[in-house]
């Protein structure tokens with residue numbers, strides 16, 4: 001078990017024993033009912049947002065291939081979901097991937113914990129300012145605490161080659177459907193999305209098939225964007241296979257470009 005606290009990045013970090021303000025940066029940014037002087041401060045917020053992007057890009061730019069894993073912060077140690085997350089984090093690390101989580105407790109902690117048990121692994125936590133107590137878990141090697149959800153979401157996607165969702169609540173669903181939308185609209189390419197816990201996700205998948213596909217709200221091929229499994233090894237294999245396919249495609253594109261450049265004009 002790692003005893004050192006994670007490296008902290010971000011001026012407004014939430015540390016053990018402290019509470020974030022009841023009014024968060026996100027709330028003040030989005031609140032149109034607040035004091036009038038906030039309106040005049042919005043242009044200055046842009047600079048703060050820009051700085052947060054720069055901080056995240058700088059901290060994460062040299063990560064190895066990474067996989068983002070999401071799940072409930074309310075999952076307790078000793079539960080089957082916690083155990084699955086720990087096995088998953090370890091398996092991803094053994095396969096050579098850094099793991100990225102939201103850095104909090106529950107499933108996030110379990111995944112970071114599993115990765116931390118592998119020598120040389122990189123366990124990343126991307127925290128967020130919340131209106132209640134929150135801190136990075138003890139198994140994060142590199143931690144960044146963000147003020148703005150949309151900046152944090154960008155980091156999750158930009159530095160990952162795959163997305164795995166364990167059972168979770170609104171936050172997990174938010175990230176899941178955002179990732180699916182980006183893949184569906186080809187804003188990101190070759191990005192596998194894996195759901196772990198077939199019993200937990202079964203009702204949602206049935207609803208997608210009956211209510212969305214059944215009424216033409218999504219296409220049949222959109223369902224192929226989602227893989228469901230209860231097997232940690234299979235989840236990792238899905239990530240690895242997609243990663244290899246992406247690398248092969250990139251190599252073929254480079255070779256084709258080289259041939260084209262060598263052709264007489």
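Just a few scattered comments:
- Pairs with Cβ under 8 Å, 6+ apart, first in region 75-91 and without any contact (Cβ under 8 Å) to a residue 12 or more places away in the chain, second surrounded by fewer than 21 Cβ atoms within 10 Å (Cβ to Cβ) and assigned to a helix (DSSP H, G or I): none
- For region 6-18, the criterion of being closer than 24 Å to residue 163 by Cβ, surrounded by 20 or more Cβ atoms within 10 Å (Cβ to Cβ), in contact with a strand residue (DSSP E or B) (Cβ under 7 Å, 6 or more places away or on another chain) and at pLDDT 55 or above is satisfied by no residue at all.
- For region 196-218, the set of residues classified as touching a helix residue (DSSP H, G or I) at 6+ places or on another chain (Cβ under 8 Å) and not in a helix (DSSP H, G or I) consists of 196, 197, 217, 218, listed by residue number.
- The residues of region 51-75 that are over 16 Å from the mean Cα position of the chain (by Cα) and within 18 Å of residue 199 (Cβ to Cβ), listed by number, are 74, 75.
- Only a single item in (1) at pLDDT 90 or above; (2) more than 25 Å from the chain's Cα centre (by Cα); (3) not in a helix (DSSP H, G or I) is not met by residue 264, and it is number (1).
- The helices (runs of 4 or more DSSP H) found wholly in region 34-127 and carrying at least 3 residues that are crowded, with 24+ Cβ neighbours inside 10 Å occupy 80-94, 107-116.
- Subset of region 219-242 that is free of Cβ contacts under 8 Å to residues at least 24 places away in the same chain and not in a helix (DSSP H, G or I) - its residue that is farthest from residue 91 (Cα to Cα): 219
The values are calculated or read from the model by the stated rules, or taken from the named source; none is laboratory data. Bear in mind the structure is a predicted one, so any value in this text is a computation, not a measurement. All Cβ positions, glycine included, derive from the backbone under ideal geometry; neighbour counts span all protein chains shown.
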